[in-house]
1. Can you give the angle from 0 to 90° between the axis of helix B:167-189 and the longest principal axis of chain B, with both taken from C-alpha atoms, to the nearest 10?
2. Can you tell me the orientation of helix A:36-45 relative to chain A, as the angle in degrees between its alpha-carbon axis and the longest Cα principal axis, to the nearest 10?
3. Report Rg/Rh for segment A:1-153, rounded to two decimals, where Rg is the Cα radius of gyration and Rh the Kirkwood radius.
4. Would you give the gap between the C-alpha center of segment B:113-162 and the C-alpha center of segment B:268-325, rounded to a whole Å?
5. May I ask you to sort A:61, A:97, B:87, B:120 by Cβ crowding, counting other Cβ atoms within 10 Å and putting the fewest first?
6. Just check segment B:1-144 against the gyration tensor rule for me: Cα atoms, a ≥ b ≥ c as the square roots of the eigenvalues, rounded for a/c under 1.5, and otherwise prolate or oblate depending on whether a/b exceeds b/c.
7. Where in segment B:87-117 does the amide nitrogen come within less than 17 Å of the point 7 Å from the Cα of residue B:128, taken along Cα to Cβ?
8. Over segment A:2-137, what is the relative contact order in whole percent, taking alpha-carbon pairs under 8 Å and six or more residues apart?
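Where a number appears in this text, it was derived from the coordinates with a stated rule and is not lab data. Since the model is a prediction, treat every value here as computed from it, not as a measurement. When we count neighbours, we look across all protein chains shown, and the Cβ atoms used for this are built from the backbone with ideal geometry, even at glycine.
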């Protein structure tokens, strides 16, 4: 299955695949952001690979790490083939200022809340999403908590102890 | 003034049938739900952010507090992910003990679900029976981890300490008692006309839609998709056990009820096999510098004491890379995506929460149905808000 996924992606989207990575038996492909929708569309239509299950969407922030040169934000799409019982990852790098990418909601309804969570936690905007609003944090909260420059101990919205203190960044 | 056709009704966050602090904004046309919008986040505590700032060992107790009805499953998922990252192979006995505990957790979680779901639909006595049996499982937790809910018993590289002396007796007692009493539950609910009327044909989702909504666990299997990570991608020695994956047909709340009851039976089967076939061996892997040495060694051996001290204070350096480990928790696919930047703290821990993803399908389940079915739909998804909001 590993070989099948590789040859399918390389034959159809060879130029858009930046690199392939294999860590602890997990196959992942770094792809260019603009081909995400075509690749997912092609995977859904390919009956042989049968990649119909979008297990997860998550995001990473590489601020201050040497990996930042490839793009500060990393989106991880976790795809699973139910009949082949095989999991692989599509990874996309996005720049630090105003990161945005096309939404997957037309292909998978399940992407709706997963993308809303990424937006709320990491501040990545999904273009064309039907309901791009906060999902977990309070409406008054400013910023995106899982970004590395978001303070860990700063209470927000302020209602008890840190009204007059400057934010203190731990880590 | 134009005539208002629909009424907006706010359900929750303080509502007994929402199992915690779920809020649903409903748009009603008479008794029919036109639109439903779940609002979550009232229990958000930033667990993922907290785990980033802690050493790998110190982040473990945070996992108990997500799905507090299935603490062992959460521990297991996190530990398996860290073990995959560090490339640690645990002893056979640990695998079997972990599988046994994870299955008891499934029994625990499904029993609470059964009780609360039944009481939502008016079967008051069911709650008391389910909690009576759950107490037996909590006794095993207490004997193992010293606590009834936040156990943190499964640790990176093994278990917190040796299994308690009468572990096998206690587990076999659960197997015997719960197996018998499941028949009583069936008598109370399976042929109960009120229960059937409230659940049959309610909150239906087709197999196609279930996959499209990324549902997992009983929500997916209830619609007839035979997918269980314990069989599909076995972890922690599940390939050694003989068990069936029950599937539903119609994808309604009644099928999911029958399926969860059958899952309890299969879990008991696995727990019994695990007890009967449990191999001898150490309760923790021997990986100096990464896995904590056994407490007996720390007291008498200098190297062990040094390693113990170093692991607790500075932790261990993980290699650069990212791993994803998914397990079949009682609610569905529970995944941990751990990204390491090469330091002694995780760069990012992402929890793929099954209840969160399953709850996203709530509007699809209730739109077009009667208002009173919303309670049944929420119950049949089996959510724990601690995990949804994290």
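1. Tilt relative to chain B: about 0 degrees.
2. Once rounded, one gets 40 degrees.
3. Rg divided by Rh gives 0.97.
4. Between the Cα centre of segment B:113-162 and that of segment B:268-325, the gap is 25 Å.
5. With the fewest neighbours first, A:61, A:97, B:87, B:120 line up as A:97, B:87, B:120, A:61.
6. Note, shape of segment B:1-144 comes out oblate.
7. Flagged as within label range: B:115-117.
8. RCO, segment A:2-137: 20 percent.
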